[in-house]
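Chemist: Please read through the structure below; I'll follow up with questions.
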Amino acid sequence: MGIVVTDLSFDRIGAAARLLARGFHADPIITFYLDDPVARRVAFPAFFRAVIYETFEAGHAYAALAGERLLGVAVWLPPSGATPSPAFRRRASRNHAVVRERFPHSAAGLYAGFGATESLHPEEPHWYLAFVGVDPAAQRSGVGSQLLSPVLAQADAAGCLCYLETPFHETHPFYRRHGFELGKAARPFQGAPGLWTMLRNPASAV
């Protein structure tokens, strides 16, 4: 069955959050703060639901589907940013509250670290890849590449930069194949492992 990449629908947000939780189960930064695997079963999906709610109305959350099966999710912020409506802000806040309830002593450090990453972004307008995740059973099958394609094509057409951060050294070759170049290493999450920044110039500018 072929894979179709489409806009993530509202009714799939829960499934998308669970998929991202599976895909990032070994994230060295998030698990540094959310360090209890039992509490993480609830907190991880809640964290990703909150991120999706905060960005959903910007219109650049994508789903990779094989029939009705969700194989992957990519969440981008456009150069104009994302400002959730009050209803979506409340949904996000409820899910952030779940994370803080499960991890009352460490969640604040996690959120402070994400706030600190904002200083790493390029000053120029850019697309920001917040998260991309593929179901572990479907990895290395081209799903990730297909998920990136819609925004990379838009960025090329508009002559716009794309930017991301990753804590995974092993993802560097994947992103390089899609035009990203390795930037500086940074440690915006206090006490946690570091990450790398990666920047992609539009194809028209290469």
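The values are calculated or read from the model by the stated rules, or taken from the named source; none is laboratory data. Everything quoted here is computed from the prediction, not taken from an experiment. Heads up, the Cβs are rebuilt from the backbone with ideal geometry, glycines too, and the neighbour counts pull from every protein chain shown.
Chemist: Among the residues of segment 1-52, count how many are without any contact (Cβ under 8 Å) to a residue 12 or more places away in the chain and of a type outside the set (Asp, Glu). Full working, then the answer.
Modeler: Within segment 1-52, the subset without any contact (Cβ under 8 Å) to a residue 12 or more places away in the chain is 11, 26, 31, 37-38, 41.
Keeping just the survivors that are of a type outside the set (Asp, Glu) gives 26, 31, 37-38, 41.
Final tally of qualifying residues: 5.
Chemist: Sticking with this structure for a sec: GLU101 - would you say it is without any contact (Cβ under 8 Å) to a residue 12 or more places away in the chain, among the acidic types (Asp, Glu) and within 30 Å of ASP36 (Cα to Cα)? Walk me through how you get there before you give the answer.
Modeler: Values: without any contact (Cβ under 8 Å) to a residue 12 or more places away in the chain: yes; among the acidic types (Asp, Glu): yes; within 30 Å of ASP36 (Cα to Cα): yes.
Yes: the conditions hold for GLU101.
Chemist: From TYR53, TYR62, which residue is within 14 Å of the chain's Cα centre (by Cα), closer than 24 Å to PHE168 by Cβ and outside any loop (DSSP other than H, G, I, E, B)? Outline the logic, then answer.
Modeler: Details: TYR53 fails: closer than 24 Å to PHE168 by Cβ.
Exactly one of TYR53, TYR62 is within 14 Å of the chain's Cα centre (by Cα), closer than 24 Å to PHE168 by Cβ and outside any loop (DSSP other than H, G, I, E, B), namely TYR62.
Chemist: Show the residue pairs meeting these rules: Cβ distance below 9 Å; 6+ apart or different chains; first residue within segment 171-198 and basic (Lys, Arg); second residue surrounded by fewer than 18 Cβ atoms within 10 Å (Cβ to Cβ) and in a strand (DSSP E or B).
Modeler: These pairs meet every condition: ARG176/LEU182.
Chemist: Go through (1) touching a Ser or Thr at 6+ places or on another chain (Cβ under 8 Å); (2) closer than 21 Å to CYS162 by Cα one by one and return the number of the condition ASP35 breaks.
Modeler: For ASP35, the failing item is (2).
Chemist: Which one of ALA92, ALA108, ALA116 is over 17 Å from the mean Cα position of the chain (by Cα), of a type in the set (A, V, I, L, M, F, W, C) and part of a helix (DSSP H, G or I)? I'd like the intermediate steps shown before the answer.
Modeler: Working: ALA92 fails: over 17 Å from the mean Cα position of the chain (by Cα); ALA116 fails: over 17 Å from the mean Cα position of the chain (by Cα).
That would be ALA108, the only listed residue that is over 17 Å from the mean Cα position of the chain (by Cα), of a type in the set (A, V, I, L, M, F, W, C) and part of a helix (DSSP H, G or I).
Chemist: Show the residue pairs meeting these rules: Cβ distance below 7 Å; 6+ apart or different chains; first residue within segment 104-120 and at pLDDT 95 or above; second residue hydrophobic (A, V, I, L, M, F, W, C) and in a helix (DSSP H, G or I).
Modeler: Sorted first by the residue in segment 104-120, then by its partner, the pairs are ALA107/VAL99; LEU110/ILE30.
Chemist: Is it the case that segment 132-147 has a residue that's under 18 Å from MET198 (Cα atoms), of a type outside the set (Gly, Ala, Ser) and buried (at least 19 other Cβ atoms within 10 Å of the Cβ)? Break it down stepwise before answering.
Modeler: The initial filter retains those residues of segment 132-147 that are under 18 Å from MET198 (Cα atoms), namely 132-133, 144-145, 147.
If we keep only those that are of a type outside the set (Gly, Ala, Ser) as well, we get 132, 147.
Then keep just the ones that are buried (at least 19 other Cβ atoms within 10 Å of the Cβ); that gives 132, 147.
Yes: one or more hits.
Chemist: Looking for something in contact with a strand residue (DSSP E or B) (Cβ under 8 Å, 6 or more places away or on another chain), surrounded by fewer than 22 Cβ atoms within 10 Å (Cβ to Cβ) and modelled with pLDDT under 95 - is there at least one such residue anywhere in segment 23-37?
Modeler: Yes: segment 23-37 contains one or more residues that are in contact with a strand residue (DSSP E or B) (Cβ under 8 Å, 6 or more places away or on another chain), surrounded by fewer than 22 Cβ atoms within 10 Å (Cβ to Cβ) and modelled with pLDDT under 95.
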